[in-house]
């Protein structure tokens, strides 16, 4: 092990030691002696990253934490005691875990099979199947439930057609809708992991006489164990905090996330909402922490001498996987397809003739919320690229004593459910004494909220790409006399831009479809598209709600296509845009 | 430009990478840091370049204190093991980079780039991107890039270790030629002893963050001071100092009894010398014929009952006809060819 | 020369800050601009607003429509720094929450005498011009398919054949849901009322979190009966859904929609002009075209209301609601409901 390059993957202990050395006076003084404008600026960069994170993530969380302890009798645990003391609360916790664990289990198995089929078999139409798996990402999460009700409701297409009489509402409804909702996220992680394989391992396994099952258990599964963990936790987090699906299809089956919505929207009980929000924060934060601790950056387990996998022809295998993948893809297409179909019918499910009348939205702002969403998406893309890119650059390149805390701060939003963040924003920014009160009620705050809601994912995309750009470029540039700004401008940014386009698209997409955080922040002039869908659905304009969803999907798909064509035109076919 | 390094030390998380390293480099000299991986040679180079800060010690360039100067202001040329050519810039743009940083006028930059690319015989490849060039070509561009801004010092961090043997040899000559042509003070890090011996004016051998020995290559080869240097550079029989093998003590300290000695295999002669002194017999254990060279291991029985048999390696010119395993042969060693070594 | 890079960086930063600043709302108060919060249904709010814009062309009205519960939550959350000038058409039961009342400024608009005294606050902080009442949406197709009788009263919903076919709003989150159980408790008295609700619970398929969705679910044929409010039923009939509106024969629980001026308004002149307009003849005309309950006389009920089954003398089917009782007992009733019936 070369001592000189030890710095590449600092262990926490090493990091801590380095922190100590950095703050020891002697070293500090020596560093300051060489201080010029650049060194000063460089020292300020971590602050530039940390400040907005503190302001837009920690500050609202502190407010919500404070609210949870605020009782009519003053500060205390009164809210916690009154919430947690009830059997209803225990029931909600049980329900949340029942739904989340079942969904996680099912999703992991299905997504693994699907990803395996795409990456490790020779089924035909792989690209199409890959695209089908990702369809749910393009739409507001509500769409899964919307489609399921249209298909499998008591008066849904299936029951009407076959004269059957079953009900989708309740536990299984939530589970199925949730599986559909999170499937693409798990699929993406598995797909990326299964795409990396060392052919030599598989050849040796075959030469040693291992059968395919044994090879799978001994080679494939172990090499993807971190992906299993990672997607397990992503799915867990998403399902645990999603309220759109349980709201539409859950019937009377309540979970913690819907309870927050209830407490705040229904009963105007911010203290209780804050308590349950904090409670919701706990398992999610634990899940995120556990995932980081278990995987600890060991995702890349493959040596650089690895040879790409050559998939052997094997008809029975391909037939088996084909027969598994086809129905899965069909379900995904059917659920979204029926929503699109319903948007073009005269009156679902009674008059099925073609009609465009639902695209003439008779809501107060008409189609305007869609434009708002697009503005917000564009702003979020801009701010998100700067925030995530700068965060990745500072934590990967600047190497200050703040690296550890800063990294934590950058990924902390992954542990904050959207609705908790939104609630925190209202409490924190809608206060005349707040220095940022002027932000409240602006499209900008919605964009900022979206950026920090999805900050962790955007940051990780940028950070992974930053890791792949060798640190020696920075050193080479410094040795040649380049300031770090010049390095950034001439070297790092030109190498990073395709990834940054990906980050921008990511933030745009999420801004278009997200509901949970922004629902607390909209004002008359800042209504957004996903909320319009919810309101239309609430009003009972099912067809119009479907039509609005279709508009959102169309915008998302359109932007994706433009970005894809742009990247392809510059020869960056390998940059994936859907995360 | 001369460089003076005084008592530099550096540790990474409790592991000492450099321990009180001192060195002075003369103007126009080429010095090699040589040692196994992990010996701290690259760390030292990076500290000199300003890419790493030392925990203690100081550095002076022509008497000027360097310790507070950031890398980009030191005006040193650095060539990295991994080339580190900016992948988004053409060869010419890479070479021009340092000049642009120094705000050279455009015309001057163009001329200098042309000149530097010609120097490394890559005038025709100016417009190519790094990935369109071979490894050797990339490293030539890197060399040109490092030299373009007229650096006061050239630092080479294992510049050739990623290259094929043939390209490596070519580039060794090339670097040496350019270095001597420009008379630029150069420090090169390598773990390849042949490379160090053939290229450097002086070699500094390092182990575990400390300097083992510094000197001209042939000096180090001929007169290693300790067993580590002896074995790391070339082959050497390192034996306990026994009475059977005579040596001329070059150790100044009177009365200190040397414990180990070293003899180069080519200095172990078989059945040739007329003198009685220093002659003893060994049994042939193994013969390896390398064409122009024959390597023989011989077993020398110990005289005292308690010590084990010694294995001595000898190298003969030619095919070594008539050598057979098991044959007992007389050996002789000239006392002046025996080095007293420190144990390391 | 080294500072050039830093300077360009700073320029970029400031440029970015400037661009972001451009998206900030104007913080100063614009004359002629007010923000109004309402719980009127989307389409009726849009129609009222169009009329208001015709009559008050110089005032720009920013309208936020949210359901009753949402709006309550929002106004409390924003109570430290309210964004709106006027509350318009919002449930009286919520309006009389002391936390809300404290935000209101007493104001006697022109023509307030047209509103009967029982429909306005004694201290002039609010007045109610419109209202809505509970009604069932019954899906004819489902009734036929499952061979069910047409229900006419709350009592009918207890019949065993309706098991799993009735949906009603969750009173904890929905204003309509609360008015329904409040009216039952007021009509039957608390003891009998709770017993009835417990019996009804056996037939309820779902307590749905919004007030209009039970009707929508019934309209979509998901369930036979959705307990909702009359306006929703009338609109869905107009849409073409195969449903019948049933006003429970015991009497329909109802809710009034009130209007008030915010103390914190930064443009009181225009806010007052808007409130005055809300009582004007043109506004009342619009109310009559859209609402089943209008407290101000001066119009007639539209034909489609009558066609859908609404009696012309609406007072004859309405429960005489005690809104004060509903408001003061809200927390207690919801707690009891949640303990006994929430699933």
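The values are calculated or read from the model by the stated rules, or taken from the named source; none is laboratory data. The structure displayed is predicted, hence computed values, not measured ones. Don't worry about glycine lacking a Cβ; one is built from the backbone with ideal geometry, like all the others, and counts go over all protein chains shown.
Points to keep in mind about this one:
- Test: residue in the range B:82-95 that is more than 18 Å from residue A:493 (Cβ to Cβ), within 13 Å of chain A (Cβ to nearest Cβ) and modelled with pLDDT under 90: yes
- Residue match in the range C:264-286 (condition: outside any loop (DSSP other than H, G, I, E, B) and free of Cβ contacts under 8 Å to residues at least 12 places away in the same chain): yes
- Taken over the range C:52-72, residues that are within 11 Å of chain A (Cβ to nearest Cβ), touching a residue at least 40 places away in the same chain (Cβ under 8 Å) and out of contact with any strand residue (DSSP E or B) (no Cβ under 6 Å at 6 or more places or on another chain) amount to 2.
- Whether a residue is within 14 Å of chain B (Cβ to nearest Cβ) and at pLDDT below 85 was assessed, and residue A:472 passes this test.
- Qualifying positions in the range C:173-190 - surrounded by 24 or more Cβ atoms within 10 Å (Cβ to Cβ) and in a loop (DSSP other than H, G, I, E, B): C:173, C:174
- Any hit, the range C:301-309, residues being within 14 Å of chain A (Cβ to nearest Cβ), surrounded by fewer than 20 Cβ atoms within 10 Å (Cβ to Cβ) and either modelled with pLDDT under 90 or assigned to a loop (DSSP other than H, G, I, E, B) (or both): no
- Any hit, the range A:201-219, residues being assigned to a helix (DSSP H, G or I), assigned by TED's automatic domain parsing to the domain that holds residue A:342 and buried (at least 23 other Cβ atoms within 10 Å of the Cβ): no
- Among the residues of the range A:37-61, the ones that are surrounded by fewer than 16 Cβ atoms within 10 Å (Cβ to Cβ) and at pLDDT below 90 come to 7 in all.
- Identity of the residue in the range A:540-560, free of Cβ contacts under 8 Å to residues at least 40 places away in the same chain and surrounded by fewer than 23 Cβ atoms within 10 Å (Cβ to Cβ), that ends up nearest to residue A:348 (Cα to Cα): A:554
- Pair list, Cβ under 6 Å, 6 or more apart: the range A:517-534 residue at positive phi, other residue surrounded by fewer than 24 Cβ atoms within 10 Å (Cβ to Cβ) and outside any helix (DSSP H, G or I): none
- Tallying residues that are more than 11 Å from chain C (Cβ to nearest Cβ) and outside any helix (DSSP H, G or I) within the range A:142-170 yields 2.
- Output for the range C:281-290, where each listed residue is modelled with pLDDT under 90 and either touching a strand residue (DSSP E or B) at 6+ places or on another chain (Cβ under 9 Å) or assigned by TED's automatic domain parsing to the domain that holds residue C:231 (or both): C:290
- Scanning the range C:125-142 for residues that are modelled with pLDDT under 95 and over 19 Å from the mean Cα position of the chain (by Cα) returns C:141, C:142.
- Meets criteria (under 20 Å from residue A:426 (Cα atoms), more than 14 Å from every other protein chain (Cβ to nearest Cβ), in contact with a helix residue (DSSP H, G or I) (Cβ under 7 Å, 6 or more places away or on another chain) and not in a loop (DSSP other than H, G, I, E, B)) for residue A:278: yes
- Residues that are within 23 Å of residue B:177 (Cβ to Cβ) and either not in a loop (DSSP other than H, G, I, E, B) or not assigned by TED's automatic domain parsing to the domain that holds residue B:32 (or both), drawn from the range B:64-95: B:76, B:77, B:78, B:79, B:80, B:83, B:91, B:92, B:94, B:95
- The set of residues from the range A:224-264 being within 14 Å of another protein chain (Cβ to nearest Cβ), under 27 Å from residue A:69 (Cβ atoms) and either within 16 Å of the chain's Cα centre (by Cα) or in contact (Cβ under 8 Å) with a residue 60 or more places away in the chain (or both) comprises A:243, A:254, A:255, A:257, A:259, A:260, A:261, A:264.
- Cβ-Cβ under 9 Å pairs, at least 6 apart or on other chains, the range C:304-316 side closer than 22 Å to residue C:242 by Cβ, far side in a loop (DSSP other than H, G, I, E, B): C:305/C:292; C:305/C:312; C:306/C:312; C:309/C:247; C:310/C:247; C:310/C:292; C:310/C:301; C:310/C:317
- Restricting the range C:154-171 to residues that are crowded, with 23+ Cβ neighbours inside 10 Å and more than 16 Å from residue C:139 (Cβ to Cβ), the residue that is farthest from the other protein chains (Cβ to nearest Cβ) is C:154.
- Residue within the range A:400-408 that is assigned to a helix (DSSP H, G or I) and within 12 Å of another protein chain (Cβ to nearest Cβ) present: no
- Within the option set A:563, A:517, A:530, being in contact with a helix residue (DSSP H, G or I) (Cβ under 8 Å, 6 or more places away or on another chain), buried (at least 23 other Cβ atoms within 10 Å of the Cβ) and either modelled with pLDDT of 85 or more or not assigned by TED's automatic domain parsing to the domain that holds residue A:387 (or both) holds for one residue only, A:530.
- So residue B:99, is it touching a helix residue (DSSP H, G or I) at 6+ places or on another chain (Cβ under 6 Å), surrounded by 17 or more Cβ atoms within 10 Å (Cβ to Cβ), within 14 Å of another protein chain (Cβ to nearest Cβ) and in a loop (DSSP other than H, G, I, E, B): no
- All of (1) away from chain A (no Cβ under 14 Å); (2) assigned to a loop (DSSP other than H, G, I, E, B); (3) out of contact with any helix residue (DSSP H, G or I) (no Cβ under 7 Å at 6 or more places or on another chain) hold for residue C:83 with one exception: (1).
- Where residue B:104 falls short, out of the listed (1) over 32 Å from the mean Cα position of the chain (by Cα); (2) within 25 Å of residue A:468 (Cα to Cα): (2)
- So residue C:321, is it outside any helix (DSSP H, G or I), at pLDDT below 90 and buried (at least 21 other Cβ atoms within 10 Å of the Cβ): yes
Here is a yes/no grid of residues against (1) within 28 Å of residue C:181 (Cβ to Cβ); (2) within 12 Å of chain A (Cβ to nearest Cβ); (3) assigned to a strand (DSSP E or B); (4) free of Cβ contacts under 8 Å to residues at least 12 places away in the same chain:
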position	(1), (2), (3), (4)
C:34	no, yes, yes, no
C:37	yes, yes, yes, no
C:48	no, yes, no, no
C:74	yes, yes, no, no
C:79	yes, yes, no, no
C:89	yes, no, yes, no
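- Within the range A:491-520, considering residues that are within 10 Å of another protein chain (Cβ to nearest Cβ) and within 20 Å of residue A:429 (Cβ to Cβ), the one farthest from the chain's Cα centre (by Cα): A:520
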